[in-house]
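Reading through the structure tokens given below for one structure.
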Amino acid sequence: MPLSTFNSNLHVPYVPYKKMWLVAGILCVVLLGSMEAYWRVRGFYPSVTDDKALWAYYRDQVYATQTYKKIVVIGYSRAQLGIVPEVLNSELKGYKTVHLTVDGHSPIETLEHLARDIRFNGVVLCDISLESCIEERNDATGQKEWCDYYDTYWSNYGKIEKGVNTRIKAELQERLNILSSYLMLKRQITQWNSLKPTYLETRSDRYRPAHYYTRMSEKELEDHKRMRIEKRKEDLREYTEKGFGDSTHYKYEASHRLGSAVALIQRRGGKVIFLKMPVTGETGVIEDTMYPRSQFWDTLESVTGAETIHFMDYPQLRGFICPDTSHLDVKDAKVYTFALAKIIKSIIDISVSREKVNYDS
Amino acid sequence: MLFNSYSFFIFFIIVFICNRLMNNWKLNKAFLLIMSYLFYAAWNPPFVIILWVSTIIDWFCAKNIYRSDQKGIRRFFLCMSLVSNLGMLAFFKYAGFFAENMNGLFLWGGSSYHISLPSIVLPVGISFYTFQTLSYTFDVYKKKMCPAHSFLDYALYVTFFPQLVAGPIVRAIDFVPQCESPRRATSEQIGWGFVLFVIGLFNKVVIADSFMSPIVETVFDGTGTPDFFCAWAGVLAFAIQIFCDFAGYSTCAIGIALTLGFYLTTNFRFPYAAVGFSDFWTRWHISLSSWLRDYLYVTLGGNRKGKARTYINLMITMLLGGLWHGASWLFVIWGGLHGLFLIIEKAILRLPIAQKQFWQRHMGQIVIVLITFCCICYTWVFFRAKSLSRAIDIVVAMTNVVSGFSDSSTLWLPTSDYIIVGVCTVAILVIHYLMRHKTLEMVAHGIPWWMQSVIMSFMIYAIITSLSGEDRAFIYFQF
């Protein structure tokens, strides 16, 4: 006999459901369509939620295929905003760009994650901050959370369903404001008056074009720039008080962690290129004060065995103005990426010729 | 595969269309079974094997229990079912917990012996489907039902995707007969099924994930010390979150099953309108509480062996019920607190003051509802906190009114969060109280169809505009 909680006599309410759902559907489409139009008129642009699932989806795309080798960009927000995938792809024939950058988190874990992956032998373009190599300045876990997420949820066949879901979500979010996390219902209710278009959007390939000049007022840009400089000044104060910048320790970290990862990747036929993205104004001065180039950046190549590209070493990479002193505007990002692609190409071509010479001899 | 995912949307459209198009009932059931396995495999394909093992063992055991008249043989096969199901549960869910506690004991005893912690992935829904298949063998053993005639029907009962990974824990006696004769969902069942699905998703995606979850995370997972108001905001938010998340999932499951022509058991009956803890457990996670009552509490003797034994049986049932939720002493504490409150309630009901007419009137009932709700909130702290110390911090803050007016808090919540929690708490208590003797179906009967259209369209709008955040799996998936 059935349980007393069982609804075998469930009376489904009598409602003209076809009519009800038809009207509900029409109302819903009208509501969603109206809100989408409203956000567009107000100047909002669709943006993808840059969550761990999206990162894991692209982490899975780092392997060479029959048609393409991969160039994997890792690092911070400077690279995520400053390196335009389609420009790199068009200049580096036979390569496809994968963005594994995460803003505000050290990429060393990701570099090591790629190094441990014996299937990976592509090119790694690593936007490295020297602070990551100094223990006391290291952010606690870097990109470890993202790597752990990938290892837990993406390294088995369960990733097929997650990949489908992530891809559909990213494609839809790239086209519709109503799906943007910035315009979630909770924000609409609690921050209606203060909601305004942001200068930054995230695309489905994780590149983040920054529209400083076209979507920010002069005052907003000035405030933003000042905030960034203040943050860096605070870092400098901390640096001075605690006496960071022990280049001995840095060299140890660089050679052991970075050097080991570089060696593993390059031994498999891959390539690692450390990149110093453009930084201007007071932020640039502060960073040079904290980490003098001669003690840090200039030793990176010899200590790790990787190639390095410092924006000051190439005329075509100098001369960009970062509107907030730290990141490139979308228009400059395209020009910068174009110039960077040519340099990368020459590095890769030299490597290929060297390998060919070694093979022939 | 989560109900609030795009992949599930595609999956369900395929299942629904094929279900409608197939005229052959056996083929239809086989199709539902295969799709249910695919649904489960979406998490991690190898774990389907565990599902098969559980299904086959209990099918075999139930058949042999039914065939034999000898008590010894019947008990043997019942034990086989118990050992295999509970063994799997113990291994996957509690091995690490056991090892951790043994290491703690060794350390306390001064030994340097150490068991290395096994790295075992917990199969999604194992707590649910093992209990479900166990109920089948128990019911056959107790002669409440005959084993299913068809393995297909039985396998579909175990694996039916709407309830596979987070309940309701369906009894075979309720589901298997539905498989025996061809069924085709009527347009009313489909229409109402979709209504339930939308209501469930609204609860989960909008209220639980979008509104409550960030507040809960700030209070429970933050490193700062909450004050009185902050602690209560976090706990009330969690009370709402866990109800909306879990009841939301159950409502989705019931709705989806209905669109395919199947009825699943009600799992929640407006639990925050509970008048005392006994009433709470007839309203919260009903399929689990009735399982524990029928197969554990009654087996231990129930209330048939005197007052003291009743209290002991209650406590054992609630402690194990707590442990079922997770391999952590915090869940045991949660269960223990519920056991304690149940015992206190039984004791209070014996007192003369409990017999007064006042408690039967509205005001009296409201007072008891509010007291019950507050006590339930205290227990939720242990359910959600990640450590005992954090739980204690929050409980202490909940009791320390003075802290709300000092500057002691190092945790900060925006005013809008307090308002949201306040409004949602009042709303949920009022709705639950008004609905405590009703069902959604009864209420829907009284709402004009055009108003239902408006409500549905707003709910769908709210769901779509809340989908974009970080994917949060249903809370009960971790069980």
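Bear in mind that the values in this text are calculations on the coordinates, not laboratory data. Just so it is clear, the model here is predicted, and its values are computed rather than measured. Cβ: placed from backbone, ideal geometry, glycine included. Neighbour counts: every protein chain shown.
Tell me the relative contact order for the stretch B:1-102 as a rounded percent, counting alpha carbon contacts under 8 Å between residues six or more apart.
16
When only DSSP loop residues count, what trypsin sites (Lys or Arg not before Pro) in the stretch A:130-224 have their Cβ near at most 14 other Cβ atoms within 10 Å?
A:Arg175
Can you sort B:Met22, A:Met227, B:Met145 by how many other beta carbons sit within 10 Å, fewest first?
A:Met227, B:Met22, B:Met145
What is the stretch B:322-421's relative contact order, in percent, from Cα pairs under 8 angstrom and six or more apart in sequence?
Once normalised by length, the contact order is 24 percent.
At B:Lys438 and A:Ser155, where each label point lies 7 Å from the Cα along Cα→Cβ, what is the point-to-point distance in nanometres?
Once both label points are built, they end up 5.3 nm from each other.
Take each uninterrupted DSSP H stretch in chain A, measure its Cα extent along the helix axis, and return the ones at 15 Å or beyond whose mean Kyte-Doolittle hydropathy is at least -1.0.
Helices meeting the criterion: A:17-41, A:159-173, A:330-360.
Sum -39500 (n - 2.57) across every DSSP H segment of at least 4 residues in chain A, then divide by the residue count to get the 222 nm mean residue ellipticity, nearest 500.
The per-residue figure over chain A is -15000 deg cm²/dmol.
Do you know the relative contact order of chain B, to the nearest whole percent, from alpha carbon pairs under 8 angstrom that are 6+ apart?
Computed over chain B, the figure is 19 percent.
Out of the DSSP beta bridges found with both residues in chain A, what percent are antiparallel (nearest 5)?
5
Run the numbers for A:Thr240 and A:Ile321: contour at 0.36 nm per residue of separation, minus the present Cα-Cα distance, in nm.
Full extension of this stretch gives 26.4 nm more.
What distance in nm separates the two pseudo spin-label positions at A:Ser260 and B:Ser181, each 7 Å out from Cα along the beta-carbon direction?
The answer from the label model is 6.9 nm.
What are the lysines whose alpha-carbon lies under 20 Å from the alpha-carbon of A:Lys69, with same-chain residues fewer than 8 places away excluded?
Qualifying lysines at Cα under 20 Å: A:Lys93, A:Lys96, A:Lys271, A:Lys342, A:Lys345, A:Lys356.
For B:Val426 and B:Arg20, compute 0.36 nm times the residue count separating them, minus their Cα-Cα distance, and round to one decimal in nm.
Working: separation 406, 0.36 × 406 = 146.16 nm, distance 4.22 nm.
Working it through step by step, the gained length comes to 141.9 nm.
Between A:Tyr14 and A:Thr214, what is the FRET efficiency for a Förster distance of 41 Å, r being their Cβ-Cβ separation, to the nearest 0.05?
0.15
Extending each Cα 7 Å along its Cβ direction at B:Leu27 and B:Ile120, get the distance between those two points in nm, one decimal.
Taking the two extended label points, one gets 4.3 nm.
With θ set to phi - 60°, apply the Karplus curve 6.51 cos²θ - 1.76 cosθ + 1.60 along the stretch A:61-72 and write out the HN-Hα couplings as whole Hz, x wherever there is a Gly or Pro.
9, 7, 8, 5, 10, 5, 9, 10, 8, 10, 10, 9
Quick one: A:Met184, B:Met451, B:Met88, fewest Cβ neighbours within 10 Å first, how do they rank?
B:Met451, B:Met88, A:Met184
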